[in-house]
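Rule-based calculations on the coordinates, nothing more; no lab input. Just so it is clear, the structure is predicted and the values come from calculations on it, not from any experiment. Cβ sites come from the backbone with ideal geometry, for glycine too, and all protein chains shown count toward neighbours.
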Amino acid sequence: MILKELENIDSPEERKAFILENKEDILKAKKREIKWADPVYFPATISKESANKVETYKSSIFEIVGNSAGFMDSHMDVSIRGSYDKTVQEAAKYAPFLENHNHTPKGIIGKNLGVEVRTMPIKQLGYEAEGNTEALVFKVDPCYDAKMKMLYEEGEIKQHSIGLKYVKIEMCVNDQKDEKGYAMWEKYYPEVINKEQADEAGYFFAVLEQKVFEVSAVLFGSNSYTPPLNKINSLNKEEPHSTLNTIEPSFVIEGFNNTFKLN
């Protein structure tokens, strides 16, 4: 596979030459593959918020970051602001909440109670940089796995990752000989937070639209800035966060079947 060939090239100069020669094939391959995104680190903090859909049982509800925009990850991919918007409305709210991308019934550790795109300070995601970025924030309840619930309560689950497919992606190349690639570099480079990695590589892939089909608790992922944000007291009677898309758990299976066509 062409992405495996690219991964096995050590020299930055040779990698750059390879992507210029095989640009279209690489972009097609990236859109075909199912990707497990890198994780984000952040210690949990406690806040209070109502979750009236689940108040009939005792639960611990957490807000977690599944992915964040602007960070060039280990795949050389950068999620651009706005790339989550469509999936939040169409697919991500049905995404199952899993342990380590385990795509079996045993892998489900809790309920996905809603998802939103939230603008957050970059420093809140653990990276020393000024300004804000977009984060894909899920509200989850690890109610099906007692050990995972305890790990969340103790603050041991610090990273999360999403399973996704790319819908729209552009190759950005710091080389004026590639007219389109250089134009994309000039357009999207300002959105890259960890610019030193992009400068060293001389290229990156700008993700303009993506389709999220699951969110997982992980130890390691490719974007190391996906923390659990806080714990929510589900028995508190305040109104839910107005921008969070809360869904009935009974709709999850039907929505998942109707939404996720991976081919």
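Details
- Rounded, prolate or oblate (a/c below 1.5 giving rounded, otherwise prolate when a/b exceeds b/c) for region 164-222 by Cα gyration tensor: oblate
- Subtracting the Cα-Cα distance of K106 and E209 from 0.36 nm times their residue separation leaves 34.1 nm of extension gain.
- In a reduced charge model with +1 at each Lys and Arg Cβ and -1 at each Asp and Glu Cβ, region 53-209 shows a dipole moment near 740 debye about its Cα centre.
- Space enclosed by the convex hull of the alpha-carbon atoms of region 102-231, per residue, Å³: 126 Å³
- Taking label points 7 Å from Cα along the Cα-to-Cβ direction, D10 and E130 give a separation of 4.0 nm.
- Selection of trypsin sites (Lys or Arg not before Pro), region 74-179, meeting DSSP coil and at most 16 other Cβ within 10 Å: R81, K177
- 23 Å Cα-Cα threshold exceeded, pairs from K123/K158; K4/K168; K139/K195; K28/K211; K4/K106; K16/K187: K139/K195; K4/K106
- Residues of region 160-183 with amide N under 14 Å of the 7 Å Cα→Cβ point at M1: 164-166
- Extension gain (nm, one decimal) between L20 and Q89, 0.36 nm per residue minus Cα-Cα: 21.4 nm
- Placed amide H near I169: partners under 5 Å, 5+ positions off or other chain: L208
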